[in-house]
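Asker: Following this message is one structure expressed as structure tokens.
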DNA sequence: GAGGGTTGTGTTAGCGGTAACATGCTCCGG
DNA sequence: CCGGAGCATGTTACCGCTAACACAACCCTC
């Protein structure tokens, strides 16, 4: 007996050929039905019915191979566990899914070198675009990307020498803006917490903004210390405040590299019965939910995290489409806005929600 | 004149064939060099040198097509912007990257039906495994997965009728545990905040645990209200507390479906000069950083978020490898542990860090 | 030194789609 | 009633890689 033509009928997934046979058309027609090419409505209906009946699912890798379009966009963020980046990824995903593009997500965990590995790994999937966080990359990454010719969008910063497109804002300006706010409300001995590691170039940039503002405002020597490795978070804020105070007991203002850090610092103040903002006014960055919901609210710099993602996605859509048609696109620089949100951690006493820790005013309720 | 054999030398990415030619071997030998098959050391060295020189990057889609192994694992979580899930994804990623598997991440944003869409979309990439959050899925999803034969791991819960493997814990037990803790410290009028939407089955399960515990403890009628749509967060906690108090002004305990909710509730208490924990003891869930860093600390149920991911990854590694060898694997149920972390929001007065809001004890420091 | 295993490499035939061109058909104006 | 345009569909030739088998050279062992 000869073996049957189908050795093991292990009912593996149906292919486009199966659908074609069932609908009595050629493979190509099925392909056209799926991708919206011109096709007779009734043929299309018949094909779609068969697809449904057979539970056919197109094989993305095969399509990618044949069409030379992976349908992927690679995104690299320092951490997923950060409301800001999560928002950006969400905005990006929404924009890209609408264009039929899938996200390939990678996190560096703030480790230098990890980005390089990730880029290399992801290149194997031939992404049609890459979204990076920040403007600081190893030269190997820049090389690889340049060689590949893949459109690149850098986000969350305004790099001096961009690789490709940019959607972001000046972290330096953010650090300066908060420092100036504290000065404007009369603070003179302002410290900075965070941004002490090259692993987090954006945090460092905010610190530079603070340093520059100090000079500009004539506020004397900087008060910063090296403490902690990214991701800096609440407990770093608490411990960092303790160290800062130990070193400069007289500070009356504190700029933090992020809201979680600021929250930690404020909590530590509460524990130590230090009045915020009376004794120390504290500002953060990012407008995290905690900045709005904690008590007192945290004065912060709000940035459009979701929009950064959405716009990066929009740029990529345009560029990828142009590239598919063989056209080139000029590099875009899209500066997103940021705004100072003044809350209780720098300006106390706001009607109905004032809060003086450790003191008074047992307002009845 | 005849056209040259290479029409447009647009230096497109080199292929394995280019490497093979350059190293004077066959394509197959290059493939072997890359995947660790037996090969003469010097041949391998020569090939790797050429790969480096030519900047060759393997084409994942082509490999996947030929080998019938995508190298992908699909992960679906409700939201990426949640420290718990982010931790799980991180644990999973670490485990899988080590096995050469790439993550395909999708978020449902707590929308029913989104999971179904995502599964369908992701199936096009023929993932070798799927990690789901929770044990509640539409029948279409279950169908699709069953038909595909892809190994499935459900996480963050203990489904009554699992699809495949399980790594999780009982959210019901978690809700009960916190309720029992509040009862144990003398609370009798305990409310629950959260878990009011079928969009978040795990939150609902915690609420059920609360309800069961109430009955078991003889603590009278439940105090819960429908409020908010997932993801419930800090501001829902604040507003939810307000509503709960309006309805049941005499509560002395509050179980929240998550730490952020609890934090919002506590903040609202502070705003209203309600002493926590004296007047109302408040518990959360998840052991988020804010539970450790806020003031007072939040009593919570700690779960091993990262471990859930890590173990799900380990299971998949095993199962996928077995499957590649043609073996089958029995379904695993891996119950992860959880523990009650008692902090200031339910039990005040802990040496050195006590905090009675609005009252006394200006301990000098 | 013949038989049988190992080792290193090459050959062949796809994997499941799509680009590009080919084909038959209908419809139209002149 | 013919030429040519436009439409719906089919044919062919890959995309870049790997499974499976083929094969030659070498190593044993008896």
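Asker: Could you list, in sequence order, all residues of the range A:58-96 that are more than 8 Å from chain B (Cβ to nearest Cβ), more than 16 Å from DNA strand D (Cβ to nearest atom) and under 18 Å from residue A:321 (Cα atoms)?
Answerer: Correct list: A:73, A:74, A:92, A:94, A:95, A:96.
Asker: Give A:173, A:191 a once-over and let me know the one that is surrounded by fewer than 20 Cβ atoms within 10 Å (Cβ to Cβ) and more than 9 Å from chain B (Cβ to nearest Cβ).
Answerer: When all the criteria are applied, what remains is A:173.
Asker: Can we say residue B:183 is more than 18 Å from the chain's Cα centre (by Cα) and either at pLDDT below 95 or under 26 Å from residue B:228 (Cα atoms) (or both)?
Answerer: No: the conditions fail for residue B:183.
Asker: If a residue has to be in contact with a helix residue (DSSP H, G or I) (Cβ under 7 Å, 6 or more places away or on another chain) and either assigned to a loop (DSSP other than H, G, I, E, B) or touching a residue at least 60 places away in the same chain (Cβ under 8 Å) (or both) to count, how many in the range A:189-219 make the cut? Steps first, please.
Answerer: First, the residues of the range A:189-219 that are in contact with a helix residue (DSSP H, G or I) (Cβ under 7 Å, 6 or more places away or on another chain): A:190-195, A:198, A:202, A:205-210, A:212-214, A:217, A:219.
Filter once more, so that each one left must be either assigned to a loop (DSSP other than H, G, I, E, B) or touching a residue at least 60 places away in the same chain (Cβ under 8 Å) (or both): A:190-195, A:198, A:202, A:206, A:219.
Counting residues in the range A:189-219 that are in contact with a helix residue (DSSP H, G or I) (Cβ under 7 Å, 6 or more places away or on another chain) and either assigned to a loop (DSSP other than H, G, I, E, B) or touching a residue at least 60 places away in the same chain (Cβ under 8 Å) (or both) gives 10.
Asker: Right, next: Can you tell me which residues in the range B:77-96 are assigned to a helix (DSSP H, G or I) and touching a strand residue (DSSP E or B) at 6+ places or on another chain (Cβ under 8 Å)?
Answerer: Of everything in the range B:77-96, those that are assigned to a helix (DSSP H, G or I) and touching a strand residue (DSSP E or B) at 6+ places or on another chain (Cβ under 8 Å) turn out to be B:84, B:85, B:88, B:89, B:90, B:92, B:93, B:96.
Asker: Scan the range B:148-180 residue by residue and report those that are at pLDDT below 95 and in a strand (DSSP E or B).
Answerer: Hits for the range B:148-180: nothing passes.
Asker: Go through the range B:62-89 residue by residue and tally those that are surrounded by fewer than 21 Cβ atoms within 10 Å (Cβ to Cβ) and closer than 29 Å to residue A:13 by Cβ.
Answerer: Selection size over the range B:62-89: 7.
Asker: Which one of the conditions (1) assigned by TED's automatic domain parsing to the domain that holds residue B:320; (2) assigned to a helix (DSSP H, G or I); (3) modelled with pLDDT of 95 or more does residue B:74 fail to meet, given that it meets all the rest?
Answerer: Exception for residue B:74: condition (2).
Asker: Mind checking which residues of the range A:21-41 are outside any loop (DSSP other than H, G, I, E, B) and more than 7 Å from DNA strand D (Cβ to nearest atom)? Break it down into steps so the answer makes sense when it comes.
Answerer: Here is the first cut: in the range A:21-41, the residues outside any loop (DSSP other than H, G, I, E, B) are A:21-23, A:27-35, A:41.
If the condition is that a residue be outside any loop (DSSP other than H, G, I, E, B) and more than 7 Å from DNA strand D (Cβ to nearest atom), then A:21, A:22, A:23, A:30, A:31, A:33, A:34, A:35, A:41 are the ones that fit.
Asker: List every residue pair whose Cβ atoms sit under 8 Å apart, with the two residues 6 or more apart in sequence or on different chains, where the first one lies in the range A:17-32 and is farther than 20 Å from residue A:67 by Cα and the second, anywhere, is surrounded by fewer than 15 Cβ atoms within 10 Å (Cβ to Cβ).
Answerer: Going by the 8 Å Cβ cut-off, the qualifying pairs are A:22/A:53; A:23/A:49.
Asker: Any idea which of (1) closer than 16 Å to residue B:340 by Cα; (2) touching a residue at least 60 places away in the same chain (Cβ under 8 Å) is the one residue B:292 doesn't satisfy?
Answerer: (2)
Asker: Also, quick follow-up: Tally the residues that are touching a helix residue (DSSP H, G or I) at 6+ places or on another chain (Cβ under 6 Å) and near DNA strand C (Cβ under 8 Å from one of its atoms), restricting the search to the range B:34-69.
Answerer: Total meeting the criteria: 4.
Asker: Right, something else. When you scan the range B:106-138, how many residues do you find that are closer than 23 Å to residue B:229 by Cα and more than 11 Å from chain A (Cβ to nearest Cβ)?
Answerer: Total satisfying the criteria: 14.
Asker: Residues that are away from chain B (no Cβ under 14 Å) and part of a loop (DSSP other than H, G, I, E, B): does the range A:237-245 have at least one?
Answerer: Within the range A:237-245 (the criterion being away from chain B (no Cβ under 14 Å) and part of a loop (DSSP other than H, G, I, E, B)), the answer is no, since none of the residues qualifies.
Asker: Out of all the residues in the range B:82-105, is one or more on the phi < 0 side of the Ramachandran plot and within 12 Å of DNA strand C (Cβ to nearest atom)? Explain how you work it out, then say what you get.
Answerer: Filtering the range B:82-105 down to residues on the phi < 0 side of the Ramachandran plot leaves B:82-99, B:101-105.
Among the residues that remain, those that are also within 12 Å of DNA strand C (Cβ to nearest atom) are: none.
Checked against the condition, which is being on the phi < 0 side of the Ramachandran plot and within 12 Å of DNA strand C (Cβ to nearest atom), the range B:82-105 yields no hits at all.
Asker: Residue A:14 is checked against (1) more than 8 Å from DNA strand C (Cβ to nearest atom); (2) at pLDDT 95 or above and fails just one. What number does that condition carry?
Answerer: (1)
Asker: Now for a different question. So which of B:103, B:92 ends up being within 30 Å of residue B:285 (Cβ to Cβ), free of Cβ contacts under 8 Å to residues at least 40 places away in the same chain and surrounded by 20 or more Cβ atoms within 10 Å (Cβ to Cβ)? Give the derivation first.
Answerer: Values: B:92 fails: free of Cβ contacts under 8 Å to residues at least 40 places away in the same chain.
Answer to the check: B:103.
Asker: Moving to a separate point now. Yes or no: the range B:222-244 includes at least one residue that is more than 27 Å from residue B:110 (Cα to Cα), at pLDDT 95 or above and either surrounded by fewer than 23 Cβ atoms within 10 Å (Cβ to Cβ) or not assigned by TED's automatic domain parsing to the domain that holds residue B:78 (or both).
Answerer: The first filter runs over the range B:222-244 and keeps only residues more than 27 Å from residue B:110 (Cα to Cα), leaving none.
No, because not a single residue in the range B:222-244 is more than 27 Å from residue B:110 (Cα to Cα), at pLDDT 95 or above and either surrounded by fewer than 23 Cβ atoms within 10 Å (Cβ to Cβ) or not assigned by TED's automatic domain parsing to the domain that holds residue B:78 (or both).
Asker: Out of the range A:119-140, which residues are buried (at least 22 other Cβ atoms within 10 Å of the Cβ) and outside any loop (DSSP other than H, G, I, E, B)?
Answerer: Within the range A:119-140, A:119, A:122, A:123, A:129, A:130, A:131, A:132, A:133 meet the criteria.
The values are calculated or read from the model by the stated rules, or taken from the named source; none is laboratory data. Model, not experiment: these values are computed from the prediction. FYI the Cβ positions are ideal-geometry reconstructions off the backbone, even for glycines, and counts take in every protein chain you see.
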